[in-house]
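Enquirer: This is the structure I have questions about; it appears just below.
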Amino acid sequence: MRASDTERERIAELLREAVAEGRLDMDEFDQRLETAYKARTHGELEPLVQDLPAPGSAVAPVGSTAPAPLRGSAANWPARIGGTATSKGAFALWGGFNRKGRWTVGRMFTAFAMWGGGEIDLREANFEDRETVIRCITIMGGIHVTAPPELNVEVRGIGIMGGFGEGPNEEGEPAPDAPRVRITGFALMGGVGVDRKRTKAERRRLKEAREAELEARRRSGLEGPRDGFRKEL
């Protein structure tokens with residue numbers, strides 16, 4: 001069966017997601033992407049994604065009309081929910097704390113900083129439960145929370161002679177299978193900030209994927225990327 005432009009673009013989206021998650025290296029991505037844009041039939045498209053998991057399934061169906069969700073996060077959310085918490089709280093007095101890298105967030109996590117500061121990085125974290133509450137309390141201090149754009153985050157806090165709110169956010173949509181994190185608490189003469197951004201490694205992979213797609217389109221004689229792709233990256 002002949003492949004449509006929509007189906008070729010769907011395969012390209014799945015390949016972009018795979019390289020962002022580290023399932024493909026840039027050489028593999030480049031080769032498959034060029035083949036996808038040159039493909040004329042389903043038979044040419046299907047082998048390009050047979051060994052890649054589609055969101056929510058084991059195989060990426062070529063003929064589906066539903067668009068593949070673009071998730072920049074290198075997260076396999078279902079695999080990152082459950083297990084024993086490695087940390088349920090953090091404390092800083094005239095000093096600092098940090099929780100980052102690979103760690104498991106307790107379903108109820110309490111952070112306190114007085115005349116000090118702390119960093120909570122959720123971008124590579126696992127979660128004890130699908131529903132997580134992070135309570136941030138700071139007095140003349142500061143706490144900074146960093147979350148990936150695809151994490152479901154709700155910020156509810158009070159600032160008294162201080163601030164409690166969200167900072168710069170990278171573009172991205174919360175994933176339906178991601179944990180839900182509610183950040184609450186108060187800041188007295190201090191601040192609690194929540195940013196949504198990707199890791200440097202992930203941004204680098206996405207940039208390389210964008211450059212590879214531009215080159216693949218050029219070699220295939222196609223025009224530059226569509227506006228939607230520019231916005232998504």
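Enquirer: Pop a pseudo-label 7 angstrom from the Cα along the beta-carbon direction at both GLU215 and GLU154 and give the gap in nm to one decimal.
Expert: 4.5 nm
Enquirer: Long-range amide H contacts for VAL194: which residues qualify at under 5 Å (H placed 1.01 Å from N, peptide plane, sequence gap of 5 or more or a different chain)?
Expert: Distant-sequence amide H within range of VAL194: VAL145, GLY165, GLU166, GLY167.
Enquirer: Ordered by packing density, taken as the mean number of other Cβ atoms within 10 Å over each peptide's residues, highest first, how do 103-113, 84-94 rank? Write out the running numbers ahead of the final one.
Expert: On the way: 103-113: 19.3, 84-94: 14.5.
Descending mean neighbour count gives 103-113, 84-94.
Enquirer: What's the ranking of 203-216, 158-171, 185-198 by average number of surrounding C-beta atoms within 10 Å, highest first?
Expert: On the way: 203-216: 17.3, 158-171: 13.6, 185-198: 20.3.
Descending packing order for the listed peptides: 185-198, 203-216, 158-171.
Enquirer: How many Å² of accessible area per residue for region 82-233, probe 1.4 Å?
Expert: 51 Å²
Enquirer: What's log10 of I(q)/I(0) for region 84-233 at q = 0.09, 0.11, 0.12, 0.13 Å⁻¹, Debye sum over Cα points only, no solvent?
Expert: Taking Cα atoms of region 84-233 as identical point scatterers yields -0.35, -0.49, -0.56, -0.63.
Enquirer: Report in % the part of the accessible area of region 83-205 that belongs to carbon and sulfur, leaving out ligands and nucleic acids; probe 1.4 Å. Intermediate values should be presented prior to the final figure.
Expert: On the way: 3190 of 5910 Å².
Exposed carbon and sulfur together represent 54 percent of the surface.
Enquirer: Can you classify region 123-190 as rounded, prolate or oblate using the Cα gyration tensor, where a ≥ b ≥ c are the square roots of its eigenvalues, rounded means a/c under 1.5, and otherwise it's prolate if a/b beats b/c and oblate if not?
Expert: Numbers: a/c = 2.48, a/b = 1.79, b/c = 1.39.
Here region 123-190 falls in the prolate category.
The values are calculated or read from the model by the stated rules, or taken from the named source; none is laboratory data. Since the structure is predicted, the reported quantities are computational estimates derived from the model, not experimental observations. Because the Cβ atoms are built from the backbone with ideal geometry, glycine has one as well, and the counts that use them run over all protein chains shown. Ligands, DNA and RNA are excluded from the accessible area calculation, which covers all protein heavy atoms including side chains. Shrake-Rupley method; radii C 1.70, N 1.55, O 1.52, S 1.80 Å.
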